[in-house]
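The values are calculated or read from the model by the stated rules, or taken from the named source; none is laboratory data. Only a predicted model underlies this, so the values are computations on that prediction, with no experimental measurement involved. Neighbour counts are summed over all protein chains in view; Cβ atoms, including those assigned to glycine, are modelled from backbone coordinates with ideal geometry.
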Amino acid sequence: MHSLKPPLAMKRPRPPSPPPLSPASTKQTSPPPRPLKSLHPNTPPISSKKPKSHPKWVPLNLSQTELSLPLTFPTGQTFRWKQTGPLQYTGTIGPHLLSLKHLQNGDVSYFIHFTPSESAAKLALLDFLNVSISLAKLWEVFSENDSRFAELAKYLKGARVLRQDPVECLVQFLCSSNNNIGRITKMVDFISSLGTHLGSVGGFDFHEFPSLERLSAVSEEELRQAGFGYRAKYITGTVDVLQSKPDGGAQWLLSLRKLDLQEAIDALCSLPGVGPKVAACIALFSLDQHHAIPVDTHVWQIATKYLLPELAGARLTPKLCSRVAEAFVSKYGEYAGWAQTLLFIADLPSQKALLPSHFWDIKEKKSAKIEDSNSCNIDGNYS
DNA sequence: CGGTAACCTGGGAT
DNA sequence: AATCCCAGGTTAC
């Protein structure tokens, strides 16, 4: 159960750089069940030293105030980038494999591990990072309208919204429903392994995200065996719908960038497994819908605490879901999604260390364990 | 149309 | 050790 080769026959062109493990040897007669567990490669820390040309770290004109890698990459927008160093993250953008890291002064540099075109890689990177949008300017406005935001912003500078590929973003968030980060990551890794191998960095293998055509060759059963649970049919169902679009699913998704938010959300919700929350994630993280608000359990907590206290204790229904989104937009404006991103991050346990203790959200699991009966309030907090 | 109960799975709490 | 609960929801009654 420790074989790691991609589970399905590789019909795609051979990888541009030799994969670290040679799948050729393993005789494949039957499709062996491949549980998600232990997808972690046991590859050595570094491999493949083939110098493509003269790769080197190249500075981006981006300060930490505009882009903090630790606050942007491992905080739930994407599950495809891996930490490969102290302040370094590695991932793919289209057919490009690259790393980003902070320099001593906080500025960001990038390193191209593999690309068909250096200039295209640079352009793709700038696009992916949404560099045309000034985070500092946005946050200035948010801070004027919200003193709590202003406080949090001091400690969490550079939490930026990425501009991801819609197909990639969609599939990732299809995996996210009612799920936890660890398992989502494993599922995304599984899907990713179906794409063309682009290289290996820091012990991680990186693949171009598989095309819809490639994905359409995967059956629901295979995904279930891989541990996707009921989300297996979401993937196959959505891929099928996308494949049926006249101009192709990828193009159809891209066309949603030109629509109004509600139209884009409605279109996305027509896909199986895509509800309001997942649709908002896709809209915000890949479709230029900067005021989309993914209302998940975290955001619901935040909203009922600081934005709509009158709703505290209520259950999260689609109706209230849109009510929360409206509240965010009316408070933060057309880039409300970018504000929500910071508030969401501030609520993550993993970022607690960056904040003064008075920001720590005293989360008392509803366990509460009231010694006796009587006072049994729903949400555990009493004000 | 608004409210509820299943839905896969694995890790942590009870 | 056996259950219960929950995790960045969606779908079907």
Contact list, first residue from the range A:82-94 and in a loop (DSSP other than H, G, I, E, B), second anywhere and surrounded by fewer than 16 Cβ atoms within 10 Å (Cβ to Cβ), beta-carbon distance below 9 Å, six or more apart or interchain, is A:LEU87/A:LEU103; A:GLY94/A:ALA120
List, please: which pairs have Cβ atoms under 9 Å, are six or more places apart or on different chains, and start with a residue in the range A:295-315 that is closer than 21 Å to A:ALA280 by Cα and within 15 Å of DNA strand C (Cβ to nearest atom) and end with one that is acidic (Asp, Glu) and assigned to a helix (DSSP H, G or I)?
A:THR304/A:GLU310
Scan the range A:255-269 and give yes if some residue there is assigned to a loop (DSSP other than H, G, I, E, B), buried (at least 20 other Cβ atoms within 10 Å of the Cβ) and more than 14 Å from DNA strand C (Cβ to nearest atom), otherwise no.
no
Looking only at the range A:166-184, decide whether some residue is assigned to a helix (DSSP H, G or I), in contact with a helix residue (DSSP H, G or I) (Cβ under 8 Å, 6 or more places away or on another chain), charged (D, E, K, R) and farther than 25 Å from A:HIS298 by Cα.
no
All-but-one check, A:ALA250 against (1) touching a residue at least 40 places away in the same chain (Cβ under 8 Å); (2) within 16 Å of DNA strand B (Cβ to nearest atom); (3) of a type in the set (A, V, I, L, M), failing number (2)
I need the full set of residues from the range A:280-301 which are away from DNA strand B (no atom under 16 Å from the Cβ) and in a helix (DSSP H, G or I), in order please.
A:ALA280, A:CYS281, A:ILE282, A:ALA283, A:LEU284, A:PHE285, A:SER286, A:HIS298, A:VAL299, A:GLN301
How many residues are over 17 Å from A:THR72 (Cβ atoms) and of a type outside the set (D, E, K, R) if we restrict to the range A:117-165?
11
Please find, within the range A:302-353, the residue that is modelled with the lowest pLDDT out of those that are touching a Ser or Thr at 6+ places or on another chain (Cβ under 8 Å) and assigned to a loop (DSSP other than H, G, I, E, B).
A:GLY313
Of the residues in the range A:270-279 that are touching a helix residue (DSSP H, G or I) at 6+ places or on another chain (Cβ under 6 Å) and part of a helix (DSSP H, G or I), the one that is farthest from DNA strand B (Cβ to nearest atom) is A:ALA279
Just one listed residue, out of A:SER322, A:SER286, is within 16 Å of the chain's Cα centre (by Cα) and of a type in the set (S, T, N, Q), and it is A:SER286
